[in-house]
Amino acid sequence: MSQTSVLYDAPGPRAVRRARVGTAVALLAFLGLGVLVVLRLADRGQFDAELWNPWFNPSTDTFSQVWELVGKGLAATLIAAALAIVLSLVVGVLLGVARMMLGRVLRVPVVAWIELFRGLPVVVTIVFVWRALVELGIDVSVLPGEPALWYLVIGLTLYNSVIIAEILRAGVGSLPSGQREAALAVGLTNGQAMRSILLPQAFRVMLPALISQLVVVLKDTSLVAVIGLGYLELLRRGNLISQSLDNPIQSLLIIGTIFIVINYALSKLAEYVERRMGRASVSSAGGDEQVPAGQGA
Amino acid sequence: MEPVLDNLDLYWEGFLRSLSIIGWSLVGSLLLGTLIAAFRVSPVASLRAFGSAWVTVVRNCPLTIVLFFMAFGLPELGINTSFYVFGVAGLIIYTSAFVCEAIRSGINSVSAGQAEAARAIGLPFTQTLTQVVLPQALRATVPPLGSVQIAMFKNSAVVGAFGVGGDLWSAGQTLTSARGFAYIPVLTGVAIGYLVITLSAGALLAVIERKVAIAR
């Protein structure tokens with residue numbers, strides 16, 4: 001309760017009693033709600049074995065098939081997310097450094113680029129990349145893997161690199177100004193100060209925010225399932241499975257759980273890294289830009 | 001750019017429809033998010049547990065899955081309504097988790113000494129809350145809440161892509177698939193529509209932030 005101590009005084013015996021009664025009442029209310037939902041599900045036959053067996057009963061002939069497809073989907077999701085985050089990191093650092101190092105005039109196109117892709121919904125960016133590349137006849141099949149993967153990865157990179165550029169800028173902004181001044185005073189050039197003094201420290205501060213961004217990227221890969229891009233990642237596989245098994249609730253529950261477990265583990269990792277660093281992360285260090293950690297789609 | 005200029009009325013309708021998705025989701029997510037935040041800071045343990053479970057599950061689940069669950073899961077339970085309602089409800093649920101965290105971080109940003117001082121001069125709980133803690137917490141909540149809501153504005157495009165019909169996204173769909181226009185000009189029009197929304201919201205947020213900023 002230490003977190004909420006700003007709201008309440010240390011509780012006395014009466015407050016403790018009231019809290020206990022409230023806990024019991026609320027618990028009963030939640031239980032009642034839960035029972036209602038379960039009854040409704042049972043009423044609708046959602047607990048029927050044939051809906052769950054393909055997922056949980058190894059003796060059904062679909063079991064191994066279904067999990068193999070999920071495995072493929074998960075691999076596709078992870079590949080797309082990994083490519084997107086690595087590319088975003090590279091492009092994002094370039095953009096961020098360009099924004100910080102270029103002069104007032106040269107900076108304008110970089111700032112415009114960043115504002116443009118930060119303001120666009122990522123789903124629009126992905127579709128735009130896909131359709132525009134096809135329409136312009138630009139062939140991405142020289143790249144390894146299927147074209148659909150690259151439409152997704154390029155779309156995600158356009159959005160996330162811009163976010164990473166802003167995280168980087170906030171990270172450099174959160175460093176004491178004496179760091180840069182000292183670097184310049186000992187005779188380093190602007191570029192050297194950025195490369196060997198500011199960026200290494202900024203990366204350390206950025207790491208938790210970067211991991212949170214990976215959660216966003218993972219979630220955003222599932223956008224292909226609503227735009228009809230033929231990349232068979234986890235959610236799209238899940239939808240295809242649920243269509244052939246005709247069990248949307250069960251299938252979505254499983255696919256959702258997989259996403260939640262991975263993302264939960266990543267956010268815990270981000271928290272752990274942040275604690276280990278013993279410093280405030282970029283987002284709470286109050287750069288002038290607020291970095292929305294972890295929302296995405 | 002003819003496909004865009006000739007069909008400005010279609011874009012305009014879509015723009016308004018998108019704004020209505022955004023408007024309902026804004027109100028709904030603020031209400032639901034505030035409720036969950038109240039759960040998360042309440043002295044009642046089971047409400048706190050529910051609040052953190054909600055945030056953990058919803059925040060780590062892609063919006064697309066929430067939407068699929070609304071549109072394909074709920075009908076299995078006999079709940080049938082339009083895709084519009086499903087879409088807006090899904091967006092509200094998804095955004096509420098982030099709203100809750102923004103509000104909670106705002107409350108936590110008020111130092112405990114403020115409330116202790118208020119109690120020390122004899123203010124009762126309600127006055128401590130309404131006169132001392134909340135006014136500061138709400139100001140600290142504005143910037144994160146603003147970015148959460150702008151992200152929601154962008155996510156309204158996902159709801160559109162999901163098939164609400166009649167919104168900015170669907171305007172693009174209609175022009176490209178039904179009327180066979182090229183994608184690049186049509187999607188440029190769609191992108192401009194969303195940019196108008198997000199960039200003006202960003203500018204508005206900057207103004208509000210300056211107004212409520214407190215020197216600490």
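The values are calculated or read from the model by the stated rules, or taken from the named source; none is laboratory data. Everything numeric in this text was worked out from a predicted model, so none of it was measured. Quick reminder, even Gly has a Cβ in these numbers, built from the backbone with ideal geometry, and neighbours come from all protein chains shown.
Of all residues in segment A:148-160, one or more are within 24 Å of B:Pro185 (Cα to Cα) and free of Cβ contacts under 8 Å to residues at least 12 places away in the same chain. If only residues of segment B:172-216 that are over 18 Å from B:Ser20 (Cα atoms) and aromatic (Phe, Trp, Tyr) are counted, the one that is nearest to the other protein chains (Cβ to nearest Cβ) is B:Tyr183.
Looking across segment A:10-23 at every residue that is surrounded by 13 or more Cβ atoms within 10 Å (Cβ to Cβ) and closer than 17 Å to B:Arg119 by Cβ, the one that is modelled with the lowest pLDDT is identified as A:Pro11.
Which is of a type outside the set (Ser, Thr, Tyr) and closer than 30 Å to A:Leu232 by Cα, of A:Val142, A:Val172, A:Val186, A:Val205?
On the way: A:Val172 fails: closer than 30 Å to A:Leu232 by Cα; A:Val186 fails: closer than 30 Å to A:Leu232 by Cα; A:Val205 fails: closer than 30 Å to A:Leu232 by Cα.
Being of a type outside the set (Ser, Thr, Tyr) and closer than 30 Å to A:Leu232 by Cα holds for just one of A:Val142, A:Val172, A:Val186, A:Val205, which is A:Val142.
Candidates A:Asp48, A:Asp43, A:Asp61: the one that is surrounded by 12 or more Cβ atoms within 10 Å (Cβ to Cβ) and charged (D, E, K, R) is A:Asp48. Could you say whether any residue in segment A:131-153 is within 14 Å of chain B (Cβ to nearest Cβ) and closer than 16 Å to A:Gly96 by Cβ? Looking through segment A:131-153, none of the residues is within 14 Å of chain B (Cβ to nearest Cβ) and closer than 16 Å to A:Gly96 by Cβ. A:Ser242: facing chain B (nearest Cβ under 8 Å), buried (at least 17 other Cβ atoms within 10 Å of the Cβ) and at pLDDT 90 or above, yes or no? Here the answer is no, as A:Ser242 does not meet what is asked.
In summary, helices (runs of 4 or more DSSP H) completely within segment A:13-108 and bearing 2 or more residues that are of a type in the set (Val, Ile, Thr) and more than 14 Å from chain B (Cβ to nearest Cβ) occur at A:62-101. Against the test of being out of contact with any helix residue (DSSP H, G or I) (no Cβ under 8 Å at 6 or more places or on another chain), small (Gly, Ala, Ser) and at pLDDT 85 or above, the options B:Gly160, B:Gly180, B:Gly122 yield a single qualifying residue, B:Gly122.
Among the candidates B:Leu91, B:Leu129, the residue that is of a type outside the set (Ser, Thr, Tyr) and more than 9 Å from chain A (Cβ to nearest Cβ) is uniquely B:Leu91.
Here is a yes/no grid of residues against (1) modelled with pLDDT under 90; (2) part of a helix (DSSP H, G or I); (3) touching a Leu at 6+ places or on another chain (Cβ under 7 Å):
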position	(1), (2), (3)
A:Leu133	no, yes, no
A:Leu188	no, no, no
A:Phe203	yes, yes, no
A:Met206	yes, yes, yes
A:Leu235	no, yes, no
A:Gly238	no, yes, yes
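Among the residues that make up segment A:200-212, is at least one of them out of contact with any strand residue (DSSP E or B) (no Cβ under 8 Å at 6 or more places or on another chain), without any contact (Cβ under 8 Å) to a residue 60 or more places away in the chain and of a type in the set (Ser, Thr, Tyr)? Scanning segment A:200-212 turns up no residue that is out of contact with any strand residue (DSSP E or B) (no Cβ under 8 Å at 6 or more places or on another chain), without any contact (Cβ under 8 Å) to a residue 60 or more places away in the chain and of a type in the set (Ser, Thr, Tyr). Residues in segment B:101-137 that are under 22 Å from the mean Cα position of the chain (by Cα) and under 10 Å from A:Leu7 (Cα atoms): B:Ile107, B:Asn108, B:Leu134.
Quick check, is B:Gly28 in contact (Cβ under 8 Å) with a residue 60 or more places away in the chain, within 30 Å of A:Arg20 (Cβ to Cβ), in a helix (DSSP H, G or I) and among the small types (Gly, Ala, Ser)? Answer is no for this residue.
Restricting to segment A:60-109, give me the number of residues that are among the β-branched types (Val, Ile, Thr) and under 20 Å from A:Asn190 (Cα atoms).
The initial filter retains those residues of segment A:60-109 that are among the β-branched types (Val, Ile, Thr), namely A:60, A:62, A:66, A:70, A:77, A:79, A:85-86, A:90-91, A:93, A:97, A:105, A:108.
Right, trim to under 20 Å from A:Asn190 (Cα atoms) and you get A:93, A:97, A:105, A:108.
Qualifying residue count, segment A:60-109: 4.
Within segment A:131-149, being in contact with a Pro (Cβ under 9 Å, 6 or more places away or on another chain) and hydrophobic (A, V, I, L, M, F, W, C) holds for A:Leu133, A:Val134, A:Val140. Kindly indicate whether A:Glu181 is closer than 29 Å to A:Ala80 by Cβ and out of contact with any His (no Cβ under 8 Å at 6 or more places or on another chain). It is false that A:Glu181 is closer than 29 Å to A:Ala80 by Cβ and out of contact with any His (no Cβ under 8 Å at 6 or more places or on another chain). The residue that is surrounded by the most Cβ atoms within 10 Å (Cβ to Cβ), among those in segment B:37-68 that are farther than 17 Å from A:Leu235 by Cα, in contact with a Gly (Cβ under 9 Å, 6 or more places away or on another chain) and within 7 Å of chain A (Cβ to nearest Cβ), is B:Leu47.
Listed here are the residues, each with its yes/no results for (1) touching a residue at least 12 places away in the same chain (Cβ under 8 Å); (2) within 11 Å of chain A (Cβ to nearest Cβ); (3) within 30 Å of B:Val186 (Cβ to Cβ).
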{"position": "B:Pro3", "(1), (2), (3)": "yes, no, yes"}
{"position": "B:Ile21", "(1), (2), (3)": "yes, no, yes"}
{"position": "B:Met70", "(1), (2), (3)": "yes, yes, yes"}
{"position": "B:Gly73", "(1), (2), (3)": "no, yes, no"}
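Among the residues of segment A:135-146, those that are of a type outside the set (D, E, K, R) and out of contact with any Leu (no Cβ under 8 Å at 6 or more places or on another chain) comprise A:Leu136, A:Gly137, A:Ile138, A:Ser141, A:Val142, A:Leu143, A:Pro144, A:Gly145.
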